[in-house]
Amino acid sequence: MNSKFTHSFLGIFAIATLVTAVLPNQVQASTIVLNSGQVSGNPGTPSQTDTNITYWTLGVPVSPLSPPFTAADFLKAQGIGCSGLDICGSAKVVADFPFAPPPWIPSLPSAPNARWINWEVGPSPTFYGSPAASVLYAYPFTIPEPTINNAAIEMYWAVDDILGEFIPGFPDPNPIGVYINGTPLSSSFSGAGRFPEYSASQSGIEGLLNPGLNWLYVYQRDAGGAYSGTIFGARISVNVPEPSSIIGLAALGTLGAGATLKRQIKSSKPSEKETTKVG
């Protein structure tokens, strides 16, 4: 085999392999999964304490929790700076309430490990979410990447009564139901519904995140009294490249190597032709 052809072929193989194998690893990528109602890494059972999620509430049903949330309010949800009428603690896993019209969804199809939570749990044997109240929950999570180039969130939930307050007839100073590090997400992360599963997604959130510790906040707005609760699952993707970008760059690398091979073969043809003629 012609040595130039051999070297070019090996060059194609090396370049194509380098593009497809190294490119996805240029920046570390991860997906953080957050589920409500977890106890030491496993789905909890009603009456247990969620080991991830803390809360701040005034214990008042029907009414909004507060004027527009401040940095101090988000700290209270973490359990920092609570005083006076503030009630702070760890969320409780509660049972889905089956008698409401419609009943609470038993689980989320897109986040099957998530469980219903409330700031407090009712007595045995039912363990429903009572007393009812408007509550701000805080969920810490860690991003291991030192650099965040892109990020997105998708979230699934059901709630009694409202995630935030972005519906007519129930004015609230805090209309958005989900916040990252104190900054509200879009209005799609809000609304009422204990059945069926609701969802929303948002890309371009890299500016809201920090390498290391971050906080997801969920605002549960009570509107009916009696019972309250929230169930949610969230996935936060960091530095996950789009498949089309990887394929496009891999094809570009292979195309460039292919052009090199074509030139090498073309340049080798006269010598091959000459050898044939002499033979």
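Ignoring ligands, DNA and RNA, how do Ile32, Ile87 rank by accessible area with a 1.4 Å probe, largest first?
Numbers: Ile32 25, Ile87 55 Å².
Sorted descending by solvent-accessible area, the residues read Ile87, Ile32.
Sorting 39-48, 227-236 by average packing, meaning the other beta carbons within 10 Å per residue, from highest down gives 227-236, 39-48.
Once both labels are positioned 7 Å from their Cα atoms along Cα-to-Cβ, the gap between Ile87 and Asn113 label points is 3.0 nm.
Note that the range 28-157 presents 43 Å² accessible area per residue, ligands and nucleic acids not counted, probe 1.4 Å. Per 0.36 nm of contour for each residue apart, how much would the distance between Ser124 and Val60 grow if the chain were fully extended, relative to their Cα-Cα spacing? Net length gain for the segment: 20.8 nm. Surface composition of the range 95-230: carbon plus sulfur atoms hold 59% of the accessible area, using a 1.4 angstrom probe and ignoring ligands, DNA and RNA.
The values are calculated or read from the model by the stated rules, or taken from the named source; none is laboratory data. Note that the structure is predicted; figures quoted are calculated from it, not measured. Because the Cβ atoms are built from the backbone with ideal geometry, glycine has one as well, and the counts that use them run over all protein chains shown. Only protein heavy atoms, including side chains, enter the accessible area calculation; ligands, DNA and RNA are left aside. Shrake-Rupley method; radii C 1.70, N 1.55, O 1.52, S 1.80 Å.
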